[in-house]
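Here the structure comes first, spelled out in structure tokens, and everything after it is commentary.
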Amino acid sequence: MSFLSPWFLAGFALIAGPIIAHLIRRVTRDRQQFSAMRFLAESPPRLSKRSRIQHPLLLLLRCLIVAVLAAGFARPFLRTDIPFVPTGGTPQSVVAVLDDSASMQRAGLWPAARQKINDLAVSLKEGDQFVLIAASGAELISRERWLQTPFSERTGLVKSVLAARTPGWGPARLDAAVEAAVTQWEQMAEATDSRARKKLVVVSDFTAGARIAGLAGLPWPKNCEVTLEQLKPDHLGDAGLQWLGWSPDVSSVTAPNAPPPKAVARVRVVQAATEAATALRLQLYDAQTNRAVGPPQDLTVPAGDAQVALVPIPANAPDGPLRLELTGDAEPFDNTLWIVRPAPREIPLAYYGAHGSDDLKHARFYLERATAGWKDPVVKLHAVSDAPAPAAVSSTPAPAQPANEFAVIAEPLAADRVATLRAHLASGGFALVLLNDPAMIGTAAALAGETGWSPLAPRLAEAGAQPHALLGKIDFQHPLFALFADPHYSNFAGIHFWAPQSLVLPAASKAAVVARFDDNSPAVLEIPVGQGRLVVWGGDWSTAAGQWVTSTKFIPWLQSLFERAVGGAVRPFVAEVGDTGRLITGAAQWRPALEAGATPVNTPPAQPGIYELTEAGATRLVAVEVPAAASNVAPLPLDDFEKLGVPLHGSPVGAADATTATKSPPGTQTSSVLEGRQRLWRWLLVGVVALLAMESLFSYVLARRGSATVPAPAET
Amino acid sequence: MPAPTATPPTRGIDPQALLAIRDLELRARVVVEGLWAGLHRSPYSGFSVEFTEYRQYSPGDDLRFLDWKVLARTDREFIKKYEDETNLRCLFLVDTSRSMLFGSRGWTKADYARTLAATFALFLHQQRDVIGLGLFADEIVDYVPPRFRPGHFRRLIAALEREPSGRDTRLGHALEQAALLSRKRSLIFILSDFLAPVPEWEAALGRLTAARHDVRVVQVLDPAERTLEFGNAAVWEDMETGRQLYVDPAQARAAYQEKFNAHQAEVAAAFDQRGVAHQVITTDQPLDLALLELIQPRGSARRSATRRIQR
């Protein structure tokens, strides 16, 4: 007879309880009420001998109950000759997620993470499957590679893979990594035994900046458990830099008697709540030469706080990219901020027309005033005229035609000028023709390279009213009018055109009618000419020709027209690692701007820095920064995972069958199998019940007999 | 002139059977009906003490009632006609203290005393007497003034049926209160166990008799209280004071009986000294016999009252 849990045999000691109870002198507990106690005197108590055991049979029964109960809890079994068949442990499907986000660059974290993964690999058995994936999404060790590697070499494989790996610069998206791990499990289940225990180990520093919200509602497979290995960095504190933007006001940081700065950068300095660096210093450097630019700036940020610092770019600073460094912080990974200052886009505007800049009757007057003070694009208007200039008109000599010149044509052009402009358009230029005269139709058709354009008969005036046209049908899908697509702004019915110049287009015309007058005649056309585009406006731009130039829609429309000419709206120039998609709209090429001889690549950058971004033929400098969330290094409460439904190790979901196979000492399995088959404890339990019934019956009989007999005279 | 002893029709109604009847009024009626049957067969003749009128003598009339003085003066025979006091005032004082809750036979002394009171009250009520009730423990806790009106007997029964209050006995105090409540001369029945020390209530009892009340005492006792043939060796607890003693009745019996008898003698002496009729009834006695003993005259001190009862 052996016992699976022999320590329960200590329960035999409880037999002493009933024995002592039976040896103790029975003090009567009976109570009797009586009315004439006044005449009664107290009787001397009746005593029993101490050594005498009362009701020995009852005592025997009670001792038996205790003993059998203790034996039952000890789970006895008989060692028979049943051969032990080694069943082997349940195979495991282990997926390890290694956090390689930017915050893992803190001192002490990465070696500890590698050690955790190594220890995990060592603990795996031959039949176990293992997949190692990085939180950034890279699969470091695939299941196939693990299974192809001989068992003895698997530990070496893990070590070699980890040795070649360093933490990245991206944000910690743990939810995406865990989701990828669940997908791995599914693949493993398809390939192998689906009953295998699934184990997920996440090795990370678990900072508050890590994203785990996506774990909510994740469908967890059966028999899975998640272990969170939280790593402790050497320094709990961290200060980081975050880019906010350019300050619109430069006067606040301008020192007296000093030239105003070129610009003022707004950055935020955040300090972790756990520990705070005492003295912080900001210093601007030329990113290409690493020379300090301007004086350093000292600041103090309390723990858990953030402070916005204004960093002036001195007037003598180079125009190229800059680097802002934060010193005084023990963790340097988020102490650098890359700064690019995109040059304002200039668009030379050539006005073809012998009109004065203060001539209210022509478009030049309104164009000059509408585009004055624009920051992007910066419009520089100069007038060009083939007609002999009147004395009052100041006509500047035409400069050499730049590639991005925008031509506004308000008078008929000579044939050679038309040819020059068409060549300009074909090479990607833009031009706008104002049909302020029926003769302009010929110029427009010549520029478009088409024939057959003819003026439409002027509309008849209604009795007693000035004849006017309205824009009737506008294509808000077209980039020229997409700005007004919102129903709040799409009402053009209040703009009257008193001198509309409608025309009739031939059927073969390539012109796209962007807007039509209310008589369905074309009002605004756009004709592609080579790589460039020609826009034709059916009328003049003046208060005499209509209300268009005084309407609130005129300047926004001009803005969209000129932005279209310079390559579209202003694009962002700062992004974080892992979020560079906001900088581009389609296929783009990236080249590190500070590395001479680097070749452009199509993959988005994985490191912070200054990059040359080439998109749709245009190249611009962009800055890629460390993610702001990486600076939020406060420890993440691991309870949050449980709240999101993650079956953590030790929780009821995860630990369903994790106890017996892994925790039991060697040799116990045979005993537990034998005991599980015999289940002698059940019979012992039945015996206890029978003994209890006998004890109750016997006690009842004794009680009845005791109450029925008149007590004998007391013995002393 | 003592009246002949009435012979009850039966050997008495078994108290166990009687007290098994839950309705107190029904219990009383069972006893009283049987009692009347017995009385009707008894040869005693009642007569009144109050003179009402004269009438002409006719042959056959009892010569005892002939007015001799008138005959001597006027030479004419007249018979004196007497009429009993029809409105006898009677007050029952019933002990409801905790000691009355003792009972070794399956019913308590309180049950027995209540039944006895109800029975006697019904007996008197049927004679159109004025009856009242006072339930007392440490004081008079419930008082129904003596009256004769429709529903009064029901009211009395309802008061009797109320569960005892379960307080201590202060018999002397209760009797003093009764003396204050009964200003008119009355027949007062006190039903109690009189286990309290005599000096506690002796003076108050004297006050009642001094007020010319006709006081009659029924001492209701449990048989076990007389003999201590009861119970096991156990911790005994006083029902009134809660005092606990380990008592082996076999051991304590002799001393108890001695003390109890001494108390009883003291009680009897106290009653005799004040001319109070005293009757000891144990709860195993048939109730009708107990009632019969009550209404039978014993000695001169109770004669007039007995006469009135036996009208």
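Tabulated data for the structure shown
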| read-out | value |
| --- | --- |
| Exclusive hit being of a type in the set (Asp, Glu), modelled with pLDDT of 90 or more, crowded, with 19+ Cβ neighbours inside 10 Å and in the same structural domain as residue B:293 (by TED's automatic domain parsing), set B:193, B:129 | B:193 |
| Top-ranked residue in region A:233-257 [being outside any strand (DSSP E or B) and surrounded by fewer than 11 Cβ atoms within 10 Å (Cβ to Cβ); ranked as farthest from the chain's Cα centre (by Cα)] | A:257 |
| Yes/no for residue A:575 being of a type in the set (Gly, Ala, Ser), in a strand (DSSP E or B) and closer than 30 Å to residue A:235 by Cα | yes |
| Options B:192, B:186: the member that is in contact with a strand residue (DSSP E or B) (Cβ under 6 Å, 6 or more places away or on another chain) and more than 12 Å from chain A (Cβ to nearest Cβ) | B:186 |
| Some residue of region B:45-54 being modelled with pLDDT under 75, charged (D, E, K, R), part of a loop (DSSP other than H, G, I, E, B) and within 34 Å of the chain's Cα centre (by Cα) | no |
| Whichever residue in region A:103-141 is under 18 Å from residue A:197 (Cα atoms) and not aliphatic (A, V, I, L, M) and, among such residues, is surrounded by the most Cβ atoms within 10 Å (Cβ to Cβ) | A:130 |
| Qualifying residue in region A:319-337 (condition: closer than 27 Å to residue A:620 by Cβ, among the small types (Gly, Ala, Ser) and either surrounded by 21 or more Cβ atoms within 10 Å (Cβ to Cβ) or assigned by TED's automatic domain parsing to the domain that holds residue A:562 (or both)) | no |
| Residue in region A:551-558 that is in contact (Cβ under 8 Å) with a residue 60 or more places away in the chain, in contact with a strand residue (DSSP E or B) (Cβ under 6 Å, 6 or more places away or on another chain) and under 20 Å from residue A:355 (Cβ atoms) present | no |
| Lone qualifier among B:216, B:162 - being surrounded by fewer than 19 Cβ atoms within 10 Å (Cβ to Cβ) and either under 23 Å from residue B:143 (Cβ atoms) or within 13 Å of chain A (Cβ to nearest Cβ) (or both) | B:162 |
| Failed item, numbered, when residue A:122 is tested on (1) part of a helix (DSSP H, G or I); (2) under 25 Å from the mean Cα position of the chain (by Cα) | (2) |
| Cross-chain or 6+ apart pairs with Cβ under 8 Å, region B:178-206 first and over 26 Å from residue B:295 (Cβ atoms), then among the charged types (D, E, K, R) and at pLDDT 90 or above | B:198/B:266 |
| Residue satisfying all of: in region B:227-248; more than 7 Å from chain A (Cβ to nearest Cβ) and touching a Pro at 6+ places or on another chain (Cβ under 9 Å); nearest to residue A:41 (Cα to Cα) among these | B:228 |
| Selection status of residue A:598, under 30 Å from residue A:338 (Cα atoms), among the aliphatic types (A, V, I, L, M), in a helix (DSSP H, G or I) and in contact with a strand residue (DSSP E or B) (Cβ under 7 Å, 6 or more places away or on another chain) | no |
| Residue in region A:662-683 that is part of a loop (DSSP other than H, G, I, E, B) and modelled with pLDDT of 80 or more present | yes |
| Residue within region B:119-126 that is buried (at least 16 other Cβ atoms within 10 Å of the Cβ) and either more than 16 Å from the chain's Cα centre (by Cα) or aromatic (Phe, Trp, Tyr) (or both) present | yes |
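Listed here are the residues, each with its yes/no results for (1) within 14 Å of another protein chain (Cβ to nearest Cβ); (2) more than 25 Å from residue B:223 (Cβ to Cβ); (3) touching a helix residue (DSSP H, G or I) at 6+ places or on another chain (Cβ under 8 Å); (4) assigned to a strand (DSSP E or B).
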{"position": "B:104", "(1), (2), (3), (4)": "yes, no, yes, no"}
{"position": "B:118", "(1), (2), (3), (4)": "no, no, yes, no"}
{"position": "B:131", "(1), (2), (3), (4)": "no, yes, yes, yes"}
{"position": "B:135", "(1), (2), (3), (4)": "no, no, yes, yes"}
{"position": "B:149", "(1), (2), (3), (4)": "no, yes, no, no"}
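The values are calculated or read from the model by the stated rules, or taken from the named source; none is laboratory data. Everything quoted here is computed from the prediction, not taken from an experiment. Positions of Cβ are backbone-derived with ideal geometry, glycine not excepted, and every protein chain shown enters the neighbour counts.
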